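Only the coordinates and a few stated rules stand behind these numbers; no lab work does. Worth saying up front: this structure is predicted, and the values here are computed from it rather than measured. Here Cβ is always computed from backbone atoms with ideal geometry, including for glycine, and neighbour counts include all displayed protein chains.
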Amino acid sequence: MSTLHTVNKSPFETRTLESCLAHCRPGDAVLMIEDGVYGALSGTALSDRVAAKAGAVKLYVLTPDIAARGLPEDRMIAGVTGVDYRGFVDLVAEHDRTQAWL
Amino acid sequence: MSTLHTVNKSPFETRTLESCLAHCRPGDAVLMIEDGVYGALSGTALSDRVAAKAGAVKLYVLTPDIAARGLPEDRMIAGVTGVDYRGFVDLVAEHDRTQAWL
Amino acid sequence: MSEDVKKFLYVNRKAPYGTIYALEALEVVLIGAAFDQDVSLAFLDDGVFQLTSGQDTAAIGVKNFSPTFRALGDYEVTRLYVERESLEERGLSAEDLQEITYEDEDDDWAEKPSIRVVSREEMAAIMAEQDVILSF
Amino acid sequence: MSEDVKKFLYVNRKAPYGTIYALEALEVVLIGAAFDQDVSLAFLDDGVFQLTSGQDTAAIGVKNFSPTFRALGDYEVTRLYVERESLEERGLSAEDLQEITYEDEDDDWAEKPSIRVVSREEMAAIMAEQDVILSF
Amino acid sequence: MKIGVVVSEGPYTHQAADSAYNFVRAALAAGHEVPRVFFYHDGVNVSTRLSVPPQDERNIQENWTALAAEHGTDLVVCIAAAQRRGLLDANEAKRQGKDADNIAEGFRISGLGQLIEMAIQTDRLVMFGD
Amino acid sequence: MKIGVVVSEGPYTHQAADSAYNFVRAALAAGHEVPRVFFYHDGVNVSTRLSVPPQDERNIQENWTALAAEHGTDLVVCIAAAQRRGLLDANEAKRQGKDADNIAEGFRISGLGQLIEMAIQTDRLVMFGD
């Protein structure tokens, strides 16, 4: 029994990603979409805290939203996996529930 | 020449108040309105940082928004002044410009 | 519990009045109560501000919907989980929240508190046992 | 400078595409350019993300408006202040931003960069010298 | 698998309505069922047929209307949220004494019970909002 | 003193339209002039005459319409933002080939130039939004 969490807010603007990660349980997955994809950027003031979660929690980022924002995929935090909308659908199906952190 | 800054976001949700305070100059005023009034609460995880600014910058809070949210006025950070809408208007008139931190 | 009953959790993370989410979440809870599901509410992050006592919206010209929380017991919505860490970060304690009670039909209609303050870890565990999570 | 000319600053603090503010701010800037005022743009906090190069919105089905920034020079909008600290916190440097230039009529139409990276303190000083601040 | 979807933010203003649309298209292409999409909060604004986006931008309402026509997806607009925000169908306009209506083809106005019902009858619920 | 006001968020959804209204009432009561209020982004949604809020809630559009009637305040709705979001007056509806319009009395649709002009001609500019 595990949860797919979606986060669509920039972690530089709101504390949503922080709260989501604090409520994840081992085996859960977090998918960053929309402005949430900035949370997957490496070398930022927040990336160490996000990277520390990778492992216990699987981290995903929606590649169409990454491309829209001009972020190179090689700048993502190690351990973050890129998925497209089809991958998003698969993640929803694979987890028992989806929790949106709005 | 001084600026009235308005902040309408909860500092527990977004980093807007933080950014506003980092861009204030001595003699400026900050008025917290709407969900921004939570920034005036004492005894919180953020109140020391806000209180540290009181003095160089004048801090105000909109009392109708405080009352709506059930926050007792005696729980406001020392040095924060309560104003009503008329006081808001006076602050706009007294400062050279108003900058909304949206 | 029949197979048709799902565990619903309404997650409230936003402050009241600045935006409409808190009010419109409550409207879903009230309608949802008619469906005989297993319903809980969670209040964390700024959502804990929804429950403060003494809200008085007269001077902003907006409807005060906080009394509606006290009616939830009549709709058999009796579990309002409030996160302790969220309260503490905001300088609040359970005493700052309004009293919300329900009558326990399994205990001779004794009046009991609906608000249950839980730790962040307990909140995470509550979220993890739901069938449906509605976020506001 | 005539008395009728005011100093306008457009403050951009939000990321593009997640919300419409960046796009609709740009629409104001383009219309405002016809009014012969003294115009500057400020990019700070998540606003710096508006200027990244290589934006490709094909897969989200939303219009890519980032090329419009390169047209600002033609509208005599030639000062785009970008806050250094905001870039650094986001792991970005000026090299990650698209090249935006204008032709300086006072210098034999030499092509010059419109983006000026400034410190937080300089940004605060720029804000403090404006007549009108429009926030997006 | 049956997937229910909620859209909670207005079109153009927030990416939610676009993300939901892309997600639903992908879910249908992957062979899942999306029996209903529920529009709540400012999401009800997606349903207006009066919008005229610039010609070089997508038309969000038309996208959804086309999807409903192709796949029979039930696009439900919450009546309480719609009334506050000025979204009405012809019946509602008549009932409320309003002189115009603005709901587009493919959308229907109904109660919040449709959201709960969707959550009960689907295997997964995915929310897009702010 | 002349004060210009901008409303950038939708009614009911965000407190901005209420805060702006309370602020403008207070400014007028204090003897200031508020020659114009400009509605931009989702703020254009304030202008719909089709909204039917619950009877125990304030009617935001009617509040503004009454204020304009009392004080002659010019309530301008940005045309570009309004087109995207489906707010039209009778002229615009005709021009765009739409079968209905929804702008309330007291509001008028015009260009972004009216915002710039307001900023030039007033002594202070106050923005309410999100």
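Is region A:80-91 home to any residue that is more than 8 Å from every other protein chain (Cβ to nearest Cβ), more than 29 Å from C:T19 (Cβ to Cβ), surrounded by fewer than 16 Cβ atoms within 10 Å (Cβ to Cβ) and of a type in the set (D, E, K, R)? Scanning region A:80-91, I find no residue that is more than 8 Å from every other protein chain (Cβ to nearest Cβ), more than 29 Å from C:T19 (Cβ to Cβ), surrounded by fewer than 16 Cβ atoms within 10 Å (Cβ to Cβ) and of a type in the set (D, E, K, R), so the answer is no. Residue check: D:D45 meets all listed conditions (1) on the phi < 0 side of the Ramachandran plot; (2) of a type in the set (D, E); (3) touching a helix residue (DSSP H, G or I) at 6+ places or on another chain (Cβ under 6 Å) but one, namely (1).
Quick check: anything in region F:18-25 more than 23 Å from D:A25 (Cα to Cα) and touching a residue at least 60 places away in the same chain (Cβ under 8 Å)? Yes, region F:18-25 contains a residue that is more than 23 Å from D:A25 (Cα to Cα) and touching a residue at least 60 places away in the same chain (Cβ under 8 Å).
Give region A:17-49 a look and list any residue that's within 12 Å of chain D (Cβ to nearest Cβ), within 18 Å of D:G18 (Cβ to Cβ) and either among the β-branched types (V, I, T) or surrounded by fewer than 24 Cβ atoms within 10 Å (Cβ to Cβ) (or both), or say none. Talk me through it step by step, then tell me what you get.
First pass over region A:17-49, keeping only residues within 12 Å of chain D (Cβ to nearest Cβ): A:32-48.
With the extra rule that they be within 18 Å of D:G18 (Cβ to Cβ), the set shrinks to A:32-41, A:44, A:46.
A:I33, A:V37, A:T44, A:L46 - these are the residues of region A:17-49 that are within 12 Å of chain D (Cβ to nearest Cβ), within 18 Å of D:G18 (Cβ to Cβ) and either among the β-branched types (V, I, T) or surrounded by fewer than 24 Cβ atoms within 10 Å (Cβ to Cβ) (or both).
Those strands (runs of 3 or more DSSP E) of region D:30-112 in which at least 2 residues are under 11 Å from the mean Cα position of the chain (by Cα) and surrounded by 20 or more Cβ atoms within 10 Å (Cβ to Cβ), considering only elements entirely within it, cover D:38-43, D:80-83.
Given the condition buried (at least 20 other Cβ atoms within 10 Å of the Cβ), over 28 Å from C:V62 (Cβ atoms) and at the interface with another protein chain (Cβ under 9 Å from one of its Cβ atoms), answer yes or no: does some residue in region B:7-14 qualify?
Among the residues of region B:7-14, not one is buried (at least 20 other Cβ atoms within 10 Å of the Cβ), over 28 Å from C:V62 (Cβ atoms) and at the interface with another protein chain (Cβ under 9 Å from one of its Cβ atoms), which makes the answer no.
Under 8 Å between Cβ atoms, which residue pairs at least 6 apart in sequence (or on different chains) link something in region D:9-32 that is at positive phi with a partner that is among the β-branched types (V, I, T) and surrounded by fewer than 22 Cβ atoms within 10 Å (Cβ to Cβ)? So the pair list comes out as D:Y17/D:T57.
Consider region C:33-82 and keep the residues that are touching a residue at least 12 places away in the same chain (Cβ under 8 Å) and among the aromatic types (F, W, Y). The one that is farthest from C:A128 (Cα to Cα) is C:F65.
Considering only region C:36-75, state which residues are of a type in the set (G, A, S), in contact with a strand residue (DSSP E or B) (Cβ under 6 Å, 6 or more places away or on another chain) and over 16 Å from C:E99 (Cβ atoms). Of everything in region C:36-75, those that are of a type in the set (G, A, S), in contact with a strand residue (DSSP E or B) (Cβ under 6 Å, 6 or more places away or on another chain) and over 16 Å from C:E99 (Cβ atoms) turn out to be C:S40, C:A42, C:G47. Among residues belonging to region C:113-135 that are part of a loop (DSSP other than H, G, I, E, B) and within 7 Å of chain A (Cβ to nearest Cβ), point out the one that is nearest to E:V126 (Cα to Cα). Among those residues, the one meeting the criterion is C:D131.
Quickly run through region E:1-35 and pick out the residues that are of a type in the set (S, T, Y) and closer than 18 Å to A:L31 by Cβ. E:S8, E:S19, E:Y21 - these are the residues of region E:1-35 that are of a type in the set (S, T, Y) and closer than 18 Å to A:L31 by Cβ. Among the numbered conditions (1) exposed (fewer than 15 other Cβ atoms within 10 Å of the Cβ); (2) hydrophobic (A, V, I, L, M, F, W, C); (3) touching a residue at least 12 places away in the same chain (Cβ under 8 Å), the only one that F:L67 does not meet is (1).
Among residues that are assigned to a helix (DSSP H, G or I) and either farther than 24 Å from B:C20 by Cα or small (G, A, S) (or both), D:A25 is included. Within region F:86-109, being buried (at least 18 other Cβ atoms within 10 Å of the Cβ), within 17 Å of the chain's Cα centre (by Cα) and not acidic (D, E) holds for F:G86, F:L87, F:L88, F:N102, F:I103, F:A104, F:G106, F:F107, F:I109.
Listed by first and then second residue, the pairs linking a residue in region E:100-122 that is at positive phi to a residue that is surrounded by fewer than 20 Cβ atoms within 10 Å (Cβ to Cβ), with Cβ atoms under 9 Å apart and 6 or more places separating them unless they lie on different chains, are E:G106/E:T65; E:G106/E:A66; E:G106/E:L67; E:G106/E:A68; E:G106/E:A69; E:G106/E:T73. Look through region F:111-130, keep the residues that are outside any helix (DSSP H, G or I) and of a type in the set (A, V, I, L, M), and return whichever of them is surrounded by the fewest Cβ atoms within 10 Å (Cβ to Cβ). Applying the filter and picking the extreme gives F:L112.
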